[in-house]
Amino acid sequence: MIDYFFSQYALYSTFDIFLEITAVVFGLFSVWYAKKDNILVFPTGIVSTLIYVYLLWKWSLLGDMMINGYYFVMSIYGWYHWTRKNGEVAEFPIEMTTQKEKIQALVIFILTIVFVVEVYHFFDKFTNWFSYIDTLLTGIFFVGMWLMAKRKVENWIFWIIGDIISIPLYFIKGFTFTSFQYIVFTIIAIYGYLEWKKICNNTPNQELKKL
């Protein structure tokens, strides 16, 4: 059983295995803090994404690498966005997305996929089916991170979809630790959605903010 899950690591350097485990640990902390609406989601996420940018470049997974590079940039933006206050009240509390933001999310999704396809063609990386799934995941996760940085409840829906797709994908790619990470991510994301939805429903005037 152990050989089935971890035999591929015999070909990896000890340093890279250590980095992947470290990235997984910080990634789990980040998602947990996101569920709790805790600003530590961003510093822990930054550590995880920086490590994954390096590893994914080595693994030639360009879409995943761009996702993590984008996470890094959006973590800085989100860190700033979440700290903005109007007096003692958070200027941007947890909310549902507006119709305008749904259109913006769709545009981000489409533009992201177009961009990633061009990158894969440029580097001639469309060599297997992983690349096509990778392209789809990039679009899903780009939107999810954008919505999370804006503190929108629906961000969790994109994380759940992307995490479920990522579980078998990373296992087949041979990155077992990362695959296990996405199993935990999925569970936390489900609870995160329920928790944020409850907070949002208990906030006055949410229906007016959707307009």
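Only the coordinates and a few stated rules stand behind these numbers; no lab work does. Not measured: the values here are computed from a predicted model. Glycine gets a Cβ as well: all are built from the backbone with ideal geometry, and neighbour counts include every protein chain shown.
Label-to-label distance, Q104 versus V73, with points set 7 angstrom from Cα along the beta-carbon direction: 1.6 nm. Can you give the angle from 0 to 90° between the axis of helix 62-83 and the longest principal axis of the chain, with both taken from C-alpha atoms, to the nearest 10? The answer is roughly 30 degrees. Helix content alone sets the calculated 222 nm mean residue ellipticity of the chain: runs of n ≥ 4 DSSP H residues at -39500 (n - 2.57) each, divided across all residues, give -26000 deg cm²/dmol.
Roughly how compact is the range 12-209, stated as its Cα Rg over 2.2 N^0.38 Å to two decimals? Provide the component values of the computation, followed by the final result.
Numbers: Rg = 16.8 Å, N = 198, 2.2 N^0.38 = 16.4 Å.
It is 1.03.
Is the C-alpha gyration tensor of the range 20-111 telling us rounded, prolate or oblate? Criteria: a/c under 1.5 is rounded; beyond that, a/b larger than b/c is prolate, otherwise oblate. Taking the square roots of the gyration eigenvalues as a ≥ b ≥ c, the range 20-111 is oblate.
Spatial offset of the range 146-190 relative to the range 1-61 amounts to 13 Å, using the alpha carbon center of each.
A DSSP coil position with no more than 14 other Cβ atoms inside 10 Å describes the following GluC sites (Glu not before Pro) in the range 1-109: E88, E91.
Note on R84 and S7: the extension gain reaches 23.0 nm, defined as 0.36 nm multiplied by sequence separation minus the Cα-Cα distance.
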